[in-house]
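The values are calculated or read from the model by the stated rules, or taken from the named source; none is laboratory data. Since this is a predicted model, take the numbers as computed values, not measurements. Ligands, DNA and RNA are excluded from the accessible area calculation, which covers all protein heavy atoms including side chains. Shrake-Rupley method; radii C 1.70, N 1.55, O 1.52, S 1.80 Å.
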Amino acid sequence: MAKKDKFTLTHKDADRHLLYQWSVQDPEQEVAFAVKQYKRRRGRSARVLREDFCGTATVACQWVASHPKRTAMGLDLDQSTLAWAREYNLSRLGKDSGRVDLRNTDVRTVTNPKADVVLAENFSYYLLSEQSDLVGYFQTVRQSLKPDGIFILDCYGGWESQQVMIERRTV
């Protein structure tokens, strides 16, 4: 989102949710990737997003902000983080905040409306460490997608994942 946040690095003033968003997430890129992949595979524009393990719902908000016909739902178990998302991120959307539906529920819940795209990013699905839980999650996602919907997960592997690297970013 366009507005820059005020940032103070003290133990009293630092906001853990903002720090998470700034250090881990890139909502513009994540939305652009999902839009591109859906268009490439389905030949049309995606409209409905489900962001699993949404936390601060910054991706769901970016999804809605990026197109006037898009809607999003975000699922997360942490009620206090969802409350922060409503106060801080949804409030920035103004009247468009009504197109974001945040749900305090397990991602292994079948949802409606069916989604064009389900995103589970930042390795969040790694929390489902038992194979049966992960398979159950994947089955639920399938039931929550439109017939031609896509499911996007991120993972990181290959030789680069074992290398010490330095990334420079201005935050």
- Query: Seen from all sides and averaged, what is the projected area of the convex hull of the Cα atoms in segment 24-98, in nm²?
  - Reply: 4.9 nm²
- Note on the structure: Helix-only [θ] at 222 nm, the chain, -39500 (n - 2.57) per DSSP H run of 4+, per residue, nearest 500, equals -10000 deg cm²/dmol
- Message: If you take every DSSP beta bridge fully contained in the chain, what fraction is antiparallel? Give it as a percent rounded to 5.
- Response: 0 percent
- Task: Whole number please: convex hull volume per residue, Cα atoms of segment 93-150, in Å³.
- Result: 104 Å³
- Task: Give me the aspartates and glutamates in straight-line cross-link reach of LYS69: C-alpha distance below 15 Å, same-chain residues under 8 apart excluded.
- Result: ASP96, ASP101, ASP116
- Carbon-plus-sulfur fraction of the accessible area of the chain, 1.4 Å probe, in percent? 53 percent
- Query: Per residue, how much accessible area does the chain have with a 1.4 Å probe, in Å²?
  - Reply: 60 Å²
- Task: Based on a Kirkwood Rh over C-alpha pairs, give the Stokes-Einstein translational diffusion coefficient of the chain at 4 °C and viscosity 1.567 mPa s in µm²/s.
- Result: 76 µm²/s
- Query: Considering the chain as a Gaussian network with a 10 Å cut-off on Cα pairs, which listed residue, ASP76, ASP13, ASP106, attains the greatest mean-square fluctuation?
  - Reply: ASP13
- Query: Given the options ALA120, ALA57, ALA32, which has the most mean-square fluctuation in a GNM of the chain, springs set between C-alpha atoms less than 10 angstrom apart?
  - Reply: ALA32
- In a GNM of the chain with a 10 Å cut-off on Cα contacts, which of TYR125, TYR20, TYR137 has the highest mean-square fluctuation? TYR20
